[in-house]
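Some notes on the structure that comes next.
The values are calculated or read from the model by the stated rules, or taken from the named source; none is laboratory data. Here the structure is a predicted model, which means the values were calculated and not measured. In this analysis, Cβ positions are derived from the backbone assuming ideal geometry, glycine residues included, and neighbour counts consider all displayed protein chains. Accessible surface is based on the protein model in full, side chains and every heavy atom, while ligands, DNA and RNA are left aside. Shrake-Rupley method; radii C 1.70, N 1.55, O 1.52, S 1.80 Å.
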Amino acid sequence: MTGTQPPGTLFVVAAPSGAGKTTLTRMLLQNDPGIRLSISYTTRAPRPGEENGTAYHFVDVPTFLAMVERKEFLEWAEVHGNYYGTSRVWIEQEIAAGRDVLLEIDWQGAQQVRRFFPACVGIFILPPSTAELARRLAGRGTDSEEVIARRLAAARDEMRHVGEFDYVIINNELQSAFADLQAVVRAARLSLERQRARHGALFTNLLES
Ligand code: ADP
Ligand code: 5GP
């Protein structure tokens, strides 16, 4: 409670694959124009239909490595031979300007983000049961049992990190889980630090006159 936090809030959302993270965060972004999604940088080629600046910021390897050198990433990784990174600079600019930012990331990325932004709000989405998670992972029913078993094991590894997050949303009934997500966002915006950062003049006026 130092009063030195930026006026915007950084929301870090993680979940095991299949829990409904994409569904819930898309609903939030559509319904809340005050939140912007962080778009990662990557050196991989765009897939058909992927626009620069929407799916990713597509850059070449020298550009990416120069950004690494300038410490412009909050975190970055090499995945399947391509580089991916989250822009620290963009997030800092947004929250300094009072806008809220949503970051979709795994637990490892979340740990790195917390080091830079300890005031970030961590939200973890859980499925209502293992059976339901398996059903959602099975999707169209075209995956083999072996593939689904592998995804479930990966999901369990991710869920072991739930204790590192501030809020937990159990995505059973979708509308109810969405209402929970909106409630977390609203409560975070009303915390003392954010209110003081946004309404500094009012605090001064009310407390010092
Ligand atoms: P993630 O991004 O976490 O991998 P998705 O949002 O893609 O998960 O959801 C996985 C699947 O589960 C999708 O088919 C989605 O429509 C479905 N789903 C998401 N939330 C619910 C829910 N509350 N009830 C039933 N199905 C859901
Ligand atoms: P794809 O190329 O299929 O879009 O993504 C490949 C992998 O890169 C996915 O596992 C995705 O989670 C990961 N990824 C995407 N953006 C980032 C990022 O900014 N940082 C890290 N560490 N991984 C990312």
Cα Rg, Dmax, segment 93-145, angstrom units: 16.5, 48
Rounded, prolate or oblate (a/c below 1.5 giving rounded, otherwise prolate when a/b exceeds b/c) for segment 149-196 by Cα gyration tensor: oblate
Distance in nm between pseudo-label sites at GLU51 and ARG26 (7 Å out along the Cβ direction from Cα): 1.6
In order through segment 94-103: 3J(HN,Hα) via Karplus (6.51 cos²θ - 1.76 cosθ + 1.60), integer Hz, x for Gly, Pro: 5, 6, 5, 7, x, 9, 8, 10, 10, 10
Inter-site label distance for ALA187 and ASN205 at 7 Å from Cα along Cβ, in nm: 3.0
Residue of GLY49, GLY163, GLY34 that the Gaussian network model of the chain assigns the largest fluctuation, springs spanning Cα pairs under 10 Å: GLY49
Cα gyration tensor, the chain - rounded (a/c under 1.5), prolate or oblate: oblate
Solvent exposure of the chain as accessible area per residue, Å², 1.4 Å probe: 56
Vicinal HN-Hα couplings computed from phi for segment 144-154 (Karplus, 6.51 cos²θ - 1.76 cosθ + 1.60; Hz; Gly/Pro x): 6, 4, 5, 5, 5, 4, 5, 5, 5, 5, 5
Linear extension gain, GLU69 paired with PHE116, 0.36 nm per residue minus alpha-carbon span: 15.2 nm
Protein accessible area in segment 1-123, 1.4 Å probe - carbon and sulfur %: 51
For ALA15, distant residues with modelled amide H under 5 Å away: ILE125
Two-site FRET efficiency, ARG150 against THR4, from Cβ-Cβ distance with R₀ of 35 Å, rounded to 0.05: 0.20
